[in-house]
Amino acid sequence: MKLRFDPGLPHQREAIDAVLGAVDRNDLQPGGMRVDDRGLVAFANPSGLPDRLGVEMETGTGKTYVFLRTALELAAQDGVRKFIIVVPSVAIREGVLATLRSTREHFAELFPALSPRFFAYRRDHLGRLRQFVRATTVEFMVVTIDAFTKDTNVLRRPCDTFGGQAPLAALAATAPVVIVDEPHRMQTALRTEALADLAPGMVLAYGATLGRWTDSAVHRLTPARAHELGLVKSIVVLSLIHI
């Protein structure tokens, strides 16, 4: 069965436009190829993007579609090329990958000039990560937060693939747009520091609960609003009283 996606759902379009409207195009400076003093080559995003933005969306209203569509709009309009989607668990990682696969044709129709590529980080496939760092194409990397919270993680260890530097440093050189899925699960000191080590050019946080990103919210689709719009089903609980 082939899934069909409606590109014009108002509640999704509002969330997308809220992020796009927060970008001041007068502040943007073009990205491009960078080479550091140790020979690390990276293609970086434009600079001047807003630091962090939160989008609150009730579960079941198309959150993953919205953040992928928003990323591609940023790519089409502003030349953003590198996106890292950070998730709290393997199960959520697989869900994001499934959405990337199922929306491939849909987004190809909406953005025929982009040809985005995506992959899940694997510690035994650093060559694919190097492609991500150097590519001039639109790239999505999906990674669990626990893959780079400890000093023993492969992402934090110097390696020959990156000229003796840690892969995490190479990722940081791209000034990635970091999309945080379920941000309320990323609030420990360890996870907060790990996200900062990606040196994001922009952070987009998406969840039914934003946690510490609440103050940065540019759009909120609350449970009450989602119910009012008929986007989610209500559950009626009956209490039986035995006499």
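Near ARG34, the amide H atoms lying under 5 Å from its own belong to ALA42, PHE43, ALA44; only residues 5 or more places off or on other chains count, and H is placed 1.01 Å from N.
Rg/Rh, computed from the Cα trace of the chain with Rh as the Kirkwood radius, has the value 1.01. Phi-derived couplings, Karplus 6.51 cos²θ - 1.76 cosθ + 1.60 at θ = phi - 60°, listed residue by residue for segment 96-101: 5, 4, 4, 5, 4, 5 Hz, with x used for Gly and Pro.
Of all beta bridges that DSSP places with both ends in the chain, some 15 percent have antiparallel geometry.
Using C-alpha pairs below 8 Å separated by at least 6 residues, the relative contact order for the chain is 28 percent.
To the nearest 20 Debye, how big is the dipole of segment 10-228 about its Cα centre, given +1 on the beta carbon of each Lys and Arg and -1 on that of each Asp and Glu?
Values: 26 positive and 25 negative charges, 125 e Å.
With Lys and Arg at +1 and Asp and Glu at -1, about 600 debye.
Note that segment 71-77 has calculated 3J(HN,Hα) couplings of 4, 5, 5, 5, 5, 5, 8 Hz, one per residue in order, obtained from phi through the Karplus relation 6.51 cos²θ - 1.76 cosθ + 1.60 (θ = phi - 60°); glycine and proline are x. Only one residue of PRO158, ALA224, PRO200 has its Cα farthest out toward the positive end of the dipole of the chain, where Lys and Arg carry +1 and Asp and Glu -1 on Cβ, and that residue is PRO158.
Would you mind getting me the FRET efficiency between THR136 and ALA224? Use the beta-carbon distance for r and R0 = 51 Å, nearest 0.05. The pair THR136/ALA224 has a calculated efficiency of 0.70.
Each Cα pair under 8 Å and six or more residues apart adds its separation to the average, and for segment 138-202 the resulting relative contact order is 32 percent.
Phi angles of segment 104-109 translate, via the Karplus equation with coefficients 6.51, -1.76, 1.60 and θ = phi - 60°, into HN-Hα couplings of 4, 5, 4, 6, 5, 6 Hz per residue; Gly and Pro are given as x. Think of segment 14-88 as a dipole: +1 on every Lys or Arg Cβ, -1 on every Asp or Glu Cβ, centred on the Cα centre; then among ALA71, ASN26, ILE16, ALA71 lies furthest on the positive end. Once the trypsin sites (Lys or Arg not before Pro) in DSSP loops with at most 15 neighbouring Cβ atoms within 10 Å are cut out of the chain, the longest remaining piece is 39-121. Looking at the square roots a ≥ b ≥ c of the eigenvalues of the Cα gyration tensor of segment 93-143, which shape do they give, rounded for a/c under 1.5, prolate if a/b is larger than b/c, or oblate? Oblate, because a/c is 1.5 or more while a/b does not exceed b/c.
Determine the dipole magnitude for segment 79-181: charges of +1 sit on the beta-carbon of Lys and Arg, -1 on that of Asp and Glu, nothing else is charged, the reference point is the Cα centre, and the result goes in debye to the nearest 20. For this selection, approximately 240 debye.
Proximity of backbone amide H atoms, modeled 1.01 Å from N, is registered between ILE85 and MET141, VAL142, VAL143, ILE179 at under 5 Å, excluding neighbours fewer than 5 places apart on the same chain. Taken about its Cα centre, segment 69-115 carries a charge dipole of roughly 160 debye when the Cβ of each Lys and Arg holds +1 and the Cβ of each Asp and Glu holds -1.
FYI, it's all coordinate maths here, none of it is from the lab. Just so you know, these numbers come straight off a predicted model, no measurement behind them. Counting neighbours? That spans all protein chains shown, and the Cβs are built from the backbone with ideal geometry, glycine included.
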